[in-house]
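The values are calculated or read from the model by the stated rules, or taken from the named source; none is laboratory data. These numbers come from a predicted model, not from an experiment. Don't worry about glycine lacking a Cβ; one is built from the backbone with ideal geometry, like all the others, and counts go over all protein chains shown. All accessible areas refer to the heavy atoms of the entire protein, side chains included, with ligands and DNA or RNA removed. Shrake-Rupley method; radii C 1.70, N 1.55, O 1.52, S 1.80 Å.
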Amino acid sequence: METIDIDTEAPFDPGEWIGKGRKWPLRSSEVPSGLWNYRKDRLTVPSCLSPRTICSPDMSVAAFISYTNLPAQDKVLVFNNVETYFTPQPPNVNATNLLSQPIPSQALVKRLMEHVGQALLDGAQSVRYPPTAKVHFPIWILQYWMEIDRILEIQRRWRDCAAWLSQKRPYDPATEHVFEHASERLQMLSWNADTRALGTVATTSIFASLLSDDWLSDSHIDMMVAHLQKRLQLSRVDHTRIESLAFSYALLFVSAPEEYDRPSPHYLQPIEAAVAKDKFLQLYFPAFVDEAKHWIAIKIDFYRKHIHFTTGDSLYSKVYKPQPLITKLLLRVSIFPLS
């Protein structure tokens, strides 16, 4: 098959791309913008059928948990080659009654989305409905299935949260009110509304992880750091600074030793200047330890020239040192003169 040449990108012409034996690039950065837009247009769900019109993101969590007007989802994980689901024939079904149609399994939908670019280049015009090969949906049905799958997944998470609150509810009056307050908040909190909180732009669905035993995400950690930064500012503690995950990411970004001879990453430059002027003596920041799959806090003591870290979790009897991060931190001696 012919490989796409993106050295000189001309205006997109479907007649020059579709059915011409071209191959979809393996790297998304190599896909011409015109081809990306063509894929995006074919996957765009009509506004009147958008899942957002079915289930408003502003609906309360309590109402969303009980909401039943969503399609069911097939749990079968075994499926044929994804190529067989695409067809060059036009759609042959009215897609207005989608709510009554179960959507395919999450695994199949993901595989179909991964292959849709190549299928479009091969001339696909429709997608076979898995339960019956006679039904051909428009290509955009894949995006619809993806969005419904995401809604169902978030609904499962919020239902798990309600169950978690019930199961973990203590009999201690001193802490029981906290669980009562959390349950009451589910009556008012939107299940997936846009939110800006503590420096993070996300949706309210990220809060579901806080009422569970799930892992915390980068967004959760940065929100916690932003809260600590505000508390630090109000406490008027001198010579102390708290940084977000961007600090550890900036340290780990350097991959080759010779890069340490170049100017510091933009994010680190004001911190370097502050250290040089002794504006603060200790710095705290969060980091993720891959070996333990665990978040930790790290403290740099510039006065004593020490690096401290803690697991912060009594479940871990073994202490995992964040060696890659500490190694790169010590190599950047021009910023952190610890030796």
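Values as computed for the structure displayed
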| read-out | value |
| --- | --- |
| Largest-first principal axis extents, alpha carbons of segment 54-139, Å | 45, 27, 22 |
| Whole-Å semi-axes of segment 1-158's equivalent ellipsoid (Cα gyration tensor) | 31, 18, 14 |
| Surface accessible to a 1.4 Å probe, Leu165 within the full protein complex, Å² | 10 Å² |
| Protection proxy ranking, peptides 119-130, 42-53, average beta carbon neighbours within 10 Å, highest first | 119-130, 42-53 |
| Calculated P(r) tail over 20 Å for segment 112-220, as whole % of Cα pairs | 58 percent |
| Cβ-derived FRET efficiency at R0 45 Å, Leu232 paired with Arg111, nearest 0.05 | 0.45 |
| Binned Cα-Cα distances of segment 168-298, short to long, each 5 Å bin given as a whole percent | 2, 8, 13, 16, 17, 15, 12, 7, 5, 3, 2, 0 |
| Cα long-axis angle, helix 33-43 against the chain (0 to 90 degrees, to the nearest 10) | 70 degrees |
| Sequence-separation-based contact order of the chain, relative, with Cα cut under 8 Å and 6+ spacing, percent | 13 percent |
| Within a Gaussian network of the chain (alpha carbon springs, distance under 10 Å), most fluctuating of Gly15, Gly199, Gly117 | Gly15 |
| Virtual spin-label span in nm between Lys277 and Ser66, 7 Å along Cα→Cβ | 5.8 nm |
| Apportionment of accessible area to carbon and sulfur, the chain, percent (1.4 Å) | 54 percent |
| Electrostatic dipole magnitude of the chain [Cβ: Lys, Arg +1; Asp, Glu -1; Cα centre; debye, to 20] | 560 debye |
| Dimensionless Rg ratio for segment 150-195, taking C-alpha atoms and the 2.2 N^0.38 Å reference | 1.30 |
| Largest-first principal axis extents of the Cα set of segment 90-148 (Å) | 30, 24, 17 |
| Most mobile of Gln187, Gln323, Gln101 in a GNM of the chain (Cα contacts under 10 Å) | Gln323 |
| Degrees separating the helix 106-121 axis from the principal Cα axis of the chain, which is the longest one | 70 degrees |
| Sites excluded, chymotrypsin sites (Phe, Trp or Tyr not before Pro) in DSSP loops with at most 11 other C-beta within 10 Å, longest stretch of the chain | 1-170 |
| R0 of 30 Å, Cβ-Cβ distance Leu330-Val31: FRET efficiency to nearest 0.05 | 0.15 |
| Folded to 0 to 90 degrees: helix 173-185 orientation relative to the chain principal axis, Cα | 40 degrees |
| Cβ-derived FRET efficiency at R0 30 Å, Leu49 paired with Asp214, nearest 0.05 | 0.45 |
| Residue-by-residue Karplus 3J(HN,Hα) for segment 210-222, coefficients 6.51, -1.76, 1.60, Hz, glycine and proline x | 6, 10, 6, 9, 6, 5, 7, 9, 4, 4, 4, 5, 5 |
| Contact order normalised by residue count of segment 104-190, Cα under 8 Å, 6+ apart, percent | 21 percent |
| Amide proton proximity set for Asp122, modelled H, under 5 Å, gap of 5+ | Gly19 |
| Identified option (computed mean projected area of the Cα convex hull in nm²; candidates [x] 24.2; [y] 26.6; [z] 17.0) | [x] |
